[in-house]
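All remarks here apply to the structure that follows.
The values are calculated or read from the model by the stated rules, or taken from the named source; none is laboratory data. For clarity, every value in this text was computed on a predicted model and none was experimentally measured. Neighbour counts are summed over all protein chains in view; Cβ atoms, including those assigned to glycine, are modelled from backbone coordinates with ideal geometry.
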Amino acid sequence: MFKKILGEHVKNHCLLLAVQLTLRYINMEKSTSENVKFQRLVNGKGARARLYRCNLIKDMLAQLKKQGIVYSPSLKHYSIEEHVPLIQKYFNTRFPGQYRLSVFGENGQMRPIYKGTDRAKKDICLYLKDGHYYGIRKLNTLFGKNLYYCLECETTYHKKKEHRQTCLAKCPRCCGMGADFPCKQIEGFELYCSKCSNIFRNPICYNRHIENAICRVFKRCKECGQIYRLKNKLVDENSNKDGHSCFIRFCSLCRSWHRREEQCFVQPIVPKQNHDYLMAMLFCSMCMRNNKWMEENTGCCRICLPATSRIQSWTGARYDNPLREFLQWLIFGLGRERTGRTYAISHYGGWVIFKVYLFFKAINQSVIALKFIRWLEHKTGLHIQH
């Protein structure tokens, strides 16, 4: 939208404007009044809103120049490969460890086209479509309803509790999550906890696991070195009293527990629930044009059968040969006074169950002389004439 209402000198800086607006959104106070102000800033067409957006772009260009970053202000196109890393460099220089830039594309992939190498406290996510950059306010809504998205793992998930166990942004020893995790290892430091058998290489990580009582929840196996959650019940006969089996891990591919060297268990196919349709509604294009298709009865419409209820219960055909009865209705049942053209359309379900051939067979076996005019497109029907 802003390409049309901003001046020529800033209309190509959608990348800078999207970054500035998203930066303002993630830092603003989450209240109704602030949200209304932000909406006016983004969608406003007045002179005040246009001037504010222009100032955001000019301020970004000035800050890039001040930080010694060469960012040309007169280009017609700003690419992901060249210009997005320059903005990330600006954030790393001016706000170290505060912001990370990510760009998603319109190809439907879960992995971003670009993502900053270092983790940060806040993420600025953009969406690129047709060469135009848009700011993403809530990343979860980009991939569908009732889904969460983890930028660290670059995947979607449904349950937060299950994802926390395997998230890349989690420390397996102190269970901290965020931009500063897993905890960094300090060379030469090693501290052993006798309660959970974990080896800590960071004093802050050790103190955090003591404060949060992680020893009551997680423990490290002395045999295989795996960190596991304590359970009350046994997993199998080979499990110890804590409910742990050595060298057995949860496989996200087959959703079961097995050794890494073992092949995945193929889950049985769950049959889809078939819809049982109990009734059908009769209407045609003529009834739709006359706004009579919602009436209870068909009236005098010859296509929908005169004086018939539009809602018909779904039952099996009460004929010895339904195909022959259909052919008789198609030729004689619609009335002789109508035009002689008939379009018979068959659902294409593959060559093996191509039902139009059954219709051909019924025509050949009948004594009625019909003239085949032409096939319809994709051979899904035919045009016949009496």
query: Taking residue 59 and the conditions (1) touching a residue at least 12 places away in the same chain (Cβ under 8 Å); (2) surrounded by 14 or more Cβ atoms within 10 Å (Cβ to Cβ); (3) assigned to a helix (DSSP H, G or I), which numbered condition does it fall short on, given that it satisfies the others?
result: (2)
statement: Taking region 82-137 and keeping residues over 24 Å from residue 68 (Cα atoms), of a type in the set (Lys, Arg) and outside any loop (DSSP other than H, G, I, E, B) leaves 129
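Given the residues 201, 208, which is the only one that is among the basic types (Lys, Arg), in contact (Cβ under 8 Å) with a residue 24 or more places away in the chain and assigned by TED's automatic domain parsing to the domain that holds residue 166?
Numbers: 201 fails: in contact (Cβ under 8 Å) with a residue 24 or more places away in the chain.
Every option except 208 fails the conditions.
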field: Test result for residue 65, farther than 27 Å from residue 138 by Cβ, out of contact with any Phe, Trp or Tyr (no Cβ under 9 Å at 6 or more places or on another chain), modelled with pLDDT of 90 or more and in a helix (DSSP H, G or I)
entry: no
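Inspect all residues belonging to region 87-96 and state whether any of them is crowded, with 16+ Cβ neighbours inside 10 Å and touching a residue at least 60 places away in the same chain (Cβ under 8 Å). Give the derivation first.
First pass over region 87-96, keeping only residues crowded, with 16+ Cβ neighbours inside 10 Å: 87-92.
Still in the running and touching a residue at least 60 places away in the same chain (Cβ under 8 Å): 87.
The answer is yes, given that some residue of region 87-96 is crowded, with 16+ Cβ neighbours inside 10 Å and touching a residue at least 60 places away in the same chain (Cβ under 8 Å).
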query: Mind checking which residues of region 74-84 are of a type outside the set (S, T, N, Q) and loosely packed, with under 15 Cβ neighbours inside 10 Å?
result: 75, 76, 77, 81, 82
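Go through the residues of region 190-208 one by one and say whether even a single one is of a type in the set (A, V, I, L, M, F, W, C), buried (at least 16 other Cβ atoms within 10 Å of the Cβ) and assigned to a loop (DSSP other than H, G, I, E, B). Full working, then the answer.
Within region 190-208, the subset of a type in the set (A, V, I, L, M, F, W, C) is 191, 193, 196, 199-200, 204-205.
Keeping just the survivors that are buried (at least 16 other Cβ atoms within 10 Å of the Cβ) gives 193, 196, 200, 205.
Those left that are additionally assigned to a loop (DSSP other than H, G, I, E, B): 193, 196.
Checking region 190-208: at least one residue is of a type in the set (A, V, I, L, M, F, W, C), buried (at least 16 other Cβ atoms within 10 Å of the Cβ) and assigned to a loop (DSSP other than H, G, I, E, B).
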Residue within region 165-179 that is in a loop (DSSP other than H, G, I, E, B), among the aliphatic types (A, V, I, L, M), in contact (Cβ under 8 Å) with a residue 24 or more places away in the chain and closer than 25 Å to residue 53 by Cβ present: no
